[in-house]
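**Q** Starting off with a structure, shown below.
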Amino acid sequence: MSDTVTEAKKPGFIPPREPLYEWGMRVSTTEDLFNDGSHPHAAEGALLVPKGTPGTIVRIGHAEGTTIPVYLVEFPAGVVVGCLEEEILPADGKRRGVPGVME
């Protein structure tokens, strides 16, 4: 098989989507956050953070193999949880729009 055919079958690069929220932003949870098995200091299914708990975004990354932003949020007592945009809301209560989409 030639290199040209092999190259044609590779998926194109899709850049990561811009996050809605910024590092250092104060947020609160929109729902109870439970351990999906990825948090090493709690049993799977354990409640990590109750709905409405305030926290601060300490890092922004992307879910592996996707372009979806994931926010590491530090909550009281130093609990750090990876959150999706629909799981958090800015402390001012105003949800941000999606980049590139007019409302």
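Each value in this text was obtained by applying a stated rule to the coordinates, not by laboratory testing. The model shown is predicted, which means the values in this text are computed figures rather than measured ones. With ideal geometry, Cβ positions are generated from the backbone for all residues, glycine too; neighbour counts draw on all protein chains shown.
**Q** Taking the highest mean first, how do the peptides 40-48, 23-31 order by number of other beta carbon atoms within 10 angstrom per residue?
**A** Top of the packing list down: 23-31, 40-48.
**Q** Mind listing the phi-derived Karplus ³J(HN,Hα) values for the range 62-77, rounded to whole Hz, using 6.51, -1.76 and 1.60 with θ = phi - 60°, and x for any glycine or proline?
**A** Per-residue couplings from phi come out as 9, 4, 4, x, 9, 9, 7, x, 10, 10, 7, 10, 8, 9, x, 6 Hz.
**Q** In vacuum, with every alpha carbon of the range 16-90 counted as one equal point scatterer, what does the Debye formula give for log10 I(q)/I(0) at q = 0.19, 0.23, 0.24, 0.27 Å⁻¹? Two decimals, please.
**A** Log10 I(q)/I(0), no solvent term: -0.74, -1.06, -1.14, -1.35.
**Q** Between residue 88 and residues 5 or more places away or on another chain, which pairs have amide H atoms under 5 Å apart, with H built 1.01 Å from N, and which residues are they?
**A** 30
**Q** Taking the Cβ of each residue in 92, 32 as the centre, tally the other Cβ atoms inside 10 Å and list the residues starting with the fewest.
**A** 92, 32
**Q** A follow-up question, please. Would you mind ranking 94, 51 by Cβ crowding within 10 Å, fewest neighbours first?
**A** 94, 51
**Q** Would you grab the residues whose amide H sits under 5 Å from the one on residue 48? Only those 5+ places off in sequence or on another chain, please, with H modelled 1.01 Å from N.
**A** 33, 34, 35
**Q** For 14, 60, 68, what ranking results if the residue with the fewest other Cβ atoms within 10 Å of its Cβ goes first?
**A** Listing 14, 60, 68 from fewest to most nearby Cβ atoms yields 14, 68, 60.
**Q** Give me the distance in nm between label points sitting 7 Å out from Cα along the Cα-to-Cβ direction at residue 74 and residue 14, one decimal.
**A** According to this spin-label approximation, the distance is 3.3 nm.
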